[in-house]
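Asks: Please read through the structure below; I'll follow up with questions.
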Amino acid sequence: MINRRKFIRASAFTGFASLVGSKLKAAGEPVTVKGQPIVISTWKPNVKANKAAWEILGSGGRALDAVVQGVQVPEADPEDMSVGYGGLPDRDGKVTLDSCVMDEFGQCGSVMAIENIMHPVLVARLVMEKTPHVQLVGAGALQFALSQGFKEENLLTEQSEKAWREWLKKSKYDPMETLHEMDKLIQKQQVPYPWPVPDLNHDTIGMVAMDTNGNLGGACTTSGMAYKMHGRVGDSPIIGAGLFVDNEIGAASSTGVGEEVVKICGSHVVVEAMRHGMSPLEACKEAVRRIVKNNSKNAKDVQVAFLAVNKKGEHGGFSVAPGFNYCVTTKKGTIVIDTKSWFS
Ligand code: GLY
C-alpha cells in the first residue's frame, strides 16, 4: 500500500507535471527535449529515403520537413511497387494513393484515394497547412491538389500494369497470395526486388523522426494493398492508425494489412503504450498483440508491423509475422534492423 509521504510526493509530482503540461499546451508550444536527431522508416529499401531525410535532419532542420523529403523518394521510384509512381493498382487498374503527415504541434493532414498525383505527401501537408480540414478524399483531394499547382501524371507503369493483367486472370483478392505471385513475376523479369523477404507483404513507407530541437514529425504514404476495391482506404492516411505523433511522448507508424491496423487504431496504441512507460519495442509488441488477439483463427495470415521512436531517441519495431525490418539513421550512420515477430 502506498504510504502517506509517498502519496504526497507522488501527488506533488503529478501536479507539477500536469501544470507544466497545461502551461505548455496553453501556450500552444511543442514540448521540446533536445536530443540527437534520428529518423526511422519501414523496410530496408527505404535506406534511400532515410538518406534524403537526413539531408535535412543532419543539418539541424525540422523533423516534419525531413520526413516529407524522405518519403518522396519511394513515391517517385517506379521500381517501388507499393508507393506512389509504379504502385500496384486497384482491381480496376487505377493507382490510388493514401498519404498523411503529422507534426510536433499535433497538426496533421491527409489525402486518401487520390489519383494521378506523384507526391500525395505534399498534398497531405498542404491540407494540414492551408485548409481548415484534416482529410480530403478522392476527387476532392485531386481538385485541391490541382488548385495548388500540382500536375496530373499517369502513375501506372508498364511493370505494374503487367502484374495487374496477370492478376486479372484469377481476380482473387488475397494480399499474401498476391505477394507470392509478385515474387514470381519479379524474379522472372529480373527487375530489382523491392521486398526484403520473399514471402511477406511489403507495402507503405512509414517514417518518423526527431530533430535536433527534440521535436517529432512523421509521414506515411502508400499505394495501398494491390488489387483492392476501388475506393478502399487502408491505415496509412488515417491519423492514429498509420501514423501518430505526440511531441510529449513519441511517434509511431505502421505497415501491412491496413484493415487490421485501423481496427485497433494501431499507431495511437503504440504511442499511448509508450506514454504508460513501455519502450518503443514493447509498445509495438503491444499493438501487435491486439491484432493477434483480434485474429485468433488466422493471425498467421495477417502481416502487420509497427515502428516507433520516443523522446529519448530510443526506437523499436515489431511485427506479426517474421520478415519485417526498418532503417535507422543517426549521426553514426544508417543501419537496418530485422525485428522480432509474434510468430516465428
Ligand atoms: N498499409 C497499407 C494499406 O493497407 O493500405
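The values are calculated or read from the model by the stated rules, or taken from the named source; none is laboratory data. In this text the structure is predicted, and so the values were computed from the model without any measurement. We place every Cβ from the backbone using ideal geometry, glycine too, and count neighbours over all the protein chains shown. Only protein heavy atoms, including side chains, enter the accessible area calculation; ligands, DNA and RNA are left aside. Shrake-Rupley method; radii C 1.70, N 1.55, O 1.52, S 1.80 Å.
Asks: Please turn the phi angles of the range 109-115 into ³J(HN,Hα) values with the Karplus equation 6.51 cos²θ - 1.76 cosθ + 1.60 (θ = phi - 60°), one per residue in order, whole Hz, x for glycine and proline.
Replies: Coupling constants for the range 109-115: x, 8, 10, 10, 6, 8, 10 Hz.
Asks: Between the range 50-72 and the range 108-180, how many Å separate their Cα centres?
Replies: 22
Asks: Here is a further query. How much net charge surrounds Pro74 when only other residues with a Cβ under 13 Å from its Cβ are counted (Lys, Arg +1; Asp, Glu -1)?
Replies: -2
Asks: Counting alpha carbon pairs within less than 8 Å and at least 6 residues apart, what relative contact order, in whole percent, applies to the range 77-149?
Replies: For the range 77-149, the relative contact order is 23 percent.
Asks: Further, regarding this structure: Given Lys94/Lys151; Lys94/Lys170; Lys94/Lys172; Lys44/Lys297, which pairs have Cα atoms separated by over 25 Å?
Replies: Over 25 Å Cα-Cα: Lys44/Lys297.
Asks: In what sequence, highest mean first, do 218-225, 273-280 appear when ranked by Cβ atoms within 10 angstrom?
Replies: Sorting 218-225, 273-280 by mean packing, highest first, produces 218-225, 273-280.
Asks: So how do 244-257, 56-69 stack up, highest first, on mean other-Cβ count within 10 Å? Could the numbers behind the result be given before it?
Replies: Details: 244-257: 28.2, 56-69: 22.4.
In decreasing order of mean packing, 244-257, 56-69 become 244-257, 56-69.
Asks: I want the local charge near Trp54. Using Cβ-Cβ distances under 14 Å, sum +1 for each Lys or Arg and -1 for each Asp or Glu among the other residues. Kindly include the intermediate steps, with their values, before the conclusion.
Replies: On the way: positive: Lys48, Lys51, Arg62, Lys331, Lys332; negative: Glu55, Asp65, Asp211.
Net charge in that neighbourhood comes out at +2.
Asks: Here is a further query. How much net charge surrounds Ile117 when only the other residues with a Cβ under 15 Å from the Cβ of Ile117 are counted, with Lys and Arg +1 and Asp and Glu -1?
Replies: Neighbour charge sum, excluding Ile117 itself: -2.
Asks: Return one whole number: the accessible area per residue of the range 50-90 in Å², for a 1.4 Å probe.
Replies: In whole numbers, the range 50-90 has 28 Å² accessible per residue.
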